[in-house]
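Below is one structure, written out as structure tokens; the observations come after it.
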Amino acid sequence: AAPVMLSRFRGALVGSVLGDCIGGEFEGAVDVPLDRVLQHLSALDDETRGDGILQYSDDTAMMRCVADSLLTRMAFDERDMARRFAKEYNLAPYRGYGSGVVQVLRKLASPYLKDVFQPAQAQFGGRGSFGNGGAMRAAPFALAFKSCDDVRKYSRLGAMLTHSCSLGYNGAVLQALAVHLSLQGALAMPKEFIDKLISEMEEMERDETAQFDAKALNLSEFPYCSRLHMVKELMDKKSVSIEEVISELGNGIAALQSVPTAIFCVLHCLEPREGLPEQFGGLERTIAYSLALGGDTDTIACMAGAIAGAHYGIDSIPQSWQKSCEGVAEADDLAHRLYDLYCLP
Ligand code: 8NA
Ligand code: MG
Ligand code: MG
């Protein structure tokens, strides 16, 4: 039976935290053999393992700020959200933030700042960041807003607090829309799911700024659409190698090289796959597969975990995994409260 909406909400946020915590092990690794991934995952079942619980990173820290802000303000409030990012960074700067974004977070801490979008716009010589930091924290926007229009609008603004390059914030909108559709059960029809995302991105990338940024960065026109078309092609293939996924979609810290990749991980793992344990359910397969790609594993697994968690629901997540990761109970609580907000008339 399809999971109920509350279970999907909980799955989305808990799945996201698990991806971040479990994926942290391989962040930045170039080559991650599947047996190392499976070893890492089976260690989570071992109650006696000595290395304590897996810590979350910037992905979860910022996701929690987004959720807390939306819940407290019961709306998108850019000043409140910016203040929470800055405060969180100040309290725990060791969470593995991107090297550029820390400058934005320091500026956002200033009480004299008039325009909270300004520090992000000053990044990288005025071009803004195209990193995946906006996308990694985008899931709560899909839980806080019912309409597709609102999800689009506020996930974009939320990302622009740190990522003013269109490649950065469009990646965040793509991630939020993927979670939004997954909550509606749209992954029951994978082809329609990817087609819907392609048409959404077509609309967004027709925008003048998006066209300008793609050109300035030497990318093809409609960069997200091209990647999503590639996702669709890879879905149709009988067998796909890890190398092919990495070379066609990427596994890097740019949103363009990681959001379509995370979406592919979810789609690819809707069915059992060779090399992944038979007893694994879809969410476990998705996380395992995301890790095996190497590169920005915590963030790709965090984004794939949110989309997959929204599809399979909380009951698909092993207790032992939940117990092994920092911040799961808090994420579950945020999901419950966002659900209550979502249900308000
Ligand atoms: P960001 O805005 O600092 O972007 C990340 C990086 O992307 C920057 O440091 C640059 O190297 C590069 N970059 C982005 N935009 C441009 C541009 N316009 N021109 C040239 N280079 C650019 O931070 P973010 O929040 O987007 O980063 C998110 C990632 O950082 C996530 O993967 C997250 O997990 C974290 N991360 C941490 C570690 C770590 O050491 N723990 C490693 C990689 C990433
Ligand atoms: Mg991280
Ligand atoms: Mg990362």
Legend entry - Percentage relative contact order, the stretch 38-130, counting C-alpha pairs under 8 Å, at least six apart: 21 percent
Inset, instruction - Can you send over the solvent-accessible area of residue 88, 1.4 Å probe, protein chains only, in Å² to the nearest 10? - result: 40 Å²
Legend entry - Charge tally in the Cβ shell below 12 Å around residue 113, where Lys, Arg are +1 and Asp, Glu are -1, residue 113 excluded: +3
Inset, instruction - For an R0 of 22 angstrom, estimate the FRET efficiency from the Cβ-Cβ distance between residue 203 and residue 233 and round to the nearest 0.05. - result: 0.55
Legend entry - Cα coordinate range in the chain, projected on the principal axes (Å, largest first): 54, 43, 42
Inset, instruction - Would you mind checking which residues have amide H under 5 Å from residue 54's amide H? H placed 1.01 Å from N; only 5 or more apart, or other chain. - result: 325, 326
Legend entry - For the chain: relative contact order, % (alpha-carbon pairs under 8 angstrom, 6 or more apart): 35 percent
Legend entry - Alpha-carbon Rg with Dmax, taken over the stretch 99-172, Å: 12.3, 36
Legend entry - Value of relative contact order over the stretch 280-345, rounded to a whole percent, pairs C-alpha under 8 Å and six or more apart: 29 percent
Legend entry - Length gained when the stretch residue 90-residue 34 is fully extended (0.36 nm per residue, less Cα-Cα span): 16.5 nm
Inset, instruction - For every other residue with a beta carbon closer than 13 angstrom to the beta carbon of residue 276, add +1 if it is Lys or Arg and -1 if Asp or Glu, then tell me the sum. - result: -3
Inset, instruction - Between beta-carbons, use under 11 Å as the cut-off and find the net charge around residue 204, counting Lys and Arg +1, Asp and Glu -1. - result: -2
Inset, instruction - Quote the accessible area belonging to residue 241 in square angstrom, nearest 10, computed with a 1.4 Å probe and with ligands, DNA and RNA left uncounted. - result: 50 Å²
Legend entry - Amide hydrogen neighbours beyond the local backbone of residue 131, cut-off 5 Å, H modeled: 255
Inset, instruction - For 130, 26, write out the residues from largest to smallest accessible area, computed with a 1.4 angstrom probe and no ligands counted. - result: 130, 26
Inset, instruction - Would you mind checking the stretch 155-171 for residues with the amide N under 20 Å from a putative spin-label position 7 Å along Cα→C-beta of residue 106? - result: 161-164
Legend entry - Gain in span if fully extended, residue 71 to residue 315, counting 0.36 nm per residue against the direct Cα distance: 85.4 nm
Legend entry - Too-long pairs where the Cα-Cα distance tops 26 Å, listed order kept, from 114/146; 87/153; 196/238: 114/146
Inset, instruction - Consider a paramagnetic label point 7 Å from the Cα of residue 279 along Cα→Cβ; state which residues of the stretch 8-51 have an amide N under 19 Å from it. - result: 35-49
Inset, instruction - Any chance you could tell me what percent of the C-alpha pair distances in the stretch 79-220 go past 20 Å? - result: 49 percent
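The values are calculated or read from the model by the stated rules, or taken from the named source; none is laboratory data. Everything numeric here is computed off the predicted structure, so don't read it as measured data. Glycine gets a Cβ as well: all are built from the backbone with ideal geometry, and neighbour counts include every protein chain shown. SASA here: full protein model, heavy atoms, side chains in, ligands and nucleic acids out. Shrake-Rupley method; radii C 1.70, N 1.55, O 1.52, S 1.80 Å.
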